[in-house]
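The structure appears right after this line, and notes come after that.
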Amino acid sequence: MRVVVTATNISGVSQQAATTPVQVAQRTSPPTPPATPPSTGGSAVATGATAEIGNSQTMELDVPKKTRRNKRKLYEVFFTATDVPGTVTFTFKRKRRVQTVTVPIEDGIAEYRWKTPKKWPRGKTRVTATYVPSAGSPYATAAVTDRVKVRKRKR
């Protein structure tokens with residue numbers, strides 16, 4: 001057995017990544033059902049700022065309450081484990097405007113200083129942080145969302 005993955009985002013489609021082949025043993029009896037129900041598609045999407053990534057570990061998105069245009073603010077994702085392999089993609093969306101950046105996770109934290117563009121629309125911007133585990137990771141893909149209020153810049 002071998003798994004092949006292709007990622008898609010606003011920039012387009014990635015090249016395929018494949019795991020090394022693994023031999024699968026044949027079962028003579030039906031499999032035992034899992035103790036907990038599996039997540040749909042191996043991923044979890046939270047409506048709030050926290051999501052479970054598996055093995056009783058969680059991720060939490062921390063965003064500022066408000067920001068001004070043309071200012072840098074820190075956006076962070078904290079994991080309850082420090083050995084979480086993979087990346088976090090931050091997506092900032094307001095009306096038709098979208099900005100995306102992918103950052104590595106270091107010591108259980110993924111952080112990005114977003115400079116709100118001068119012409120970014122005022123109002124509530126949706127911030128989504130999507131965790132993508134490295135190949136072989138025991139954790140599942142998850143996404144969390146929150147909002148930041150963008151105000152006009154000071155003169």
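As a calculated quantity, the FRET efficiency between Arg97 and Arg72 at R0 = 22 Å, using C-beta atoms, amounts to about 0.80.
Give me the mean projected area, in nm² to one decimal, of the convex hull enclosing the Cα positions of region 42-151. All intermediate terms of the calculation are to be shown ahead of the outcome.
On the way: hull surface 25.5 nm².
Mean orientational projected area (region 42-151, Cα hull): 6.4 nm².
Every read-out reported here was derived from the displayed coordinates using simple, explicitly stated rules and does not represent laboratory data. All values derive from a computational prediction rather than experimental measurement. Backbone-built Cβ (ideal geometry, glycine too); neighbour counts: all protein chains shown.
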